[in-house]
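Laboratory data are not the source of any read-out in this text; all were calculated from the coordinates shown. Since this is a predicted model, take the numbers as computed values, not measurements. Methodologically, a virtual Cβ is constructed for each residue, glycine included, from the backbone with ideal geometry; neighbour enumeration extends over all protein chains shown.
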Amino acid sequence: MELQANRIYTVEETAEILSIRRETLLKLIYAKNLEASKLGRLWRIRGSNIDRFLDNTSNINKDDNNEKKSNVECEFDFNS
């Protein structure tokens, strides 16, 4: 399924997009890690919120120059 920023997705569709279980997705929503709207008793998620969630959980940070920068600094001793 292709993600569209302006589309509104169900919990099931969003779980499929993220390749996670429905229960895991609901935990993310209740923990306020993924922005969603509750309409009656059903949750709906905007495609743009899914994009933002993925950006916020990325292991790559962007610095002020919009260059990708790793969170981890590594030192290697190649002489060992």
| task | With 5 Å bins from zero, work out the P(r) of region 8-58 over every alpha carbon pair and list the percent per bin. | result | 5, 22, 37, 29, 6, 1, 0
| task | Neighbouring Cβ atoms within 10 Å as the yardstick, rank Glu35, Glu23 fewest first. | result | Glu23, Glu35
